[in-house]
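What follows draws every value from the coordinates through simple rules; no lab data is involved. Not measured: the values here are computed from a predicted model. Positions of Cβ are backbone-derived with ideal geometry, glycine not excepted, and every protein chain shown enters the neighbour counts.
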Amino acid sequence: MDALRKQVGQAALAQFQDRNVDTAAQLFLDADTEGFLSQVSTIEKVGANQNKVLQDYQQQRASLADLQKSRQTQLAALEKKEADLASLKAGSNKKLVEAKAVLAKLTTEQQQTLANQDQQQTQDAQTLAESALGTPNGTSDTAAGSSKGQAALAWATKQLGKPYRFGATGPSSFDCSGLTLGAWKAAGVSLNRTSQAQFRNGRAVSRSELQPGDLVFFYSGISHVGLYVGKGTIIHAPHSGADVRYAKLSSMPFAGARRPA
């Protein structure tokens, strides 16, 4: 834009300097007719070039205006996403504080009992999930799923054991929607960023229709998401202090499911 603006200015200045003498007057004053006609031809070419410069400038100015408008739209979208994430983080921190307060009221024995129960539930879910993913005879529940759902699930299983971190989308840590986002991205499908927003992706499926790779949502108001594995299990990034793991579908209040592809 700056370079074209300079060229347009130079062209305007040249026209301004020659404005008082038209072509007929210049021919009358010039004794060298042949030379003058040659100059006229050159001037016409220069004029055509100047018109092209002006057209290019106008096109670039219009393109710049479009880019600026697009930038403002994208900036507004980013600011909204940041606000949504901040709201989710505040809600997550509040729940974490409440959970810690409840945990602090438990005796050491009660805390150990809860830890043992959690560990046992995780092991049970892992056994079921591994059975769903593949059995010794080569059959698998994943045969019922779409190829993209299988690809998303395969990617997610490679993240097992990686820690949960709020706002993380990988590769070393994830939050719940960060894991599902990365999984479906590996399958060639773009999802929204948060669990609430992902609930608008794809089409709704009932609990009885679940296939491997489907997005499964939990809690009233949608605050958690995982990927369905099979045999009543999911893979998810649970919460702070935990890692990516398998869990039973029934371990949390089911809120709905979506199939992105």
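The figures follow:
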item	result
R0 of 25 Å, Cβ-Cβ distance Ala104-Ser240: FRET efficiency to nearest 0.05	0.95
Theoretical gain in end-to-end length, Arg61 to Met1 [0.36 nm per residue, Cα-Cα removed]	20.9 nm
Under the Karplus curve 6.51 cos²θ - 1.76 cosθ + 1.60, θ = phi - 60°, whole-Hz ³J(HN,Hα) for segment 188-200, x wherever Gly or Pro sits	x, 10, 8, 10, 5, 7, 9, 4, 5, 6, 5, 5, 9
Additional length obtainable on full extension of the chain from Ala90 to Thr127, 0.36 nm per residue less Cα span	9.8 nm
Phi-based couplings in Hz for segment 84-99 (Karplus 6.51, -1.76, 1.60; Gly and Pro marked x)	4, 5, 5, 5, 5, 5, 4, x, 5, 5, 5, 5, 5, 4, 5, 5
Nitroxide proxy distance, nm - points 7 Å out along Cα→Cβ at Ser190 and Glu209	2.5
Most to least packed among 156-169, 197-210, 101-114 [average Cβ atoms within 10 Å]	156-169, 197-210, 101-114
For segment 220-235, 3J(HN,Hα) per residue [Karplus equation, 6.51 cos²θ - 1.76 cosθ + 1.60, θ = phi - 60°, Hz, x = Gly/Pro]	5, x, 6, 10, 8, 9, x, 10, 6, 9, x, 6, x, 10, 10, 10
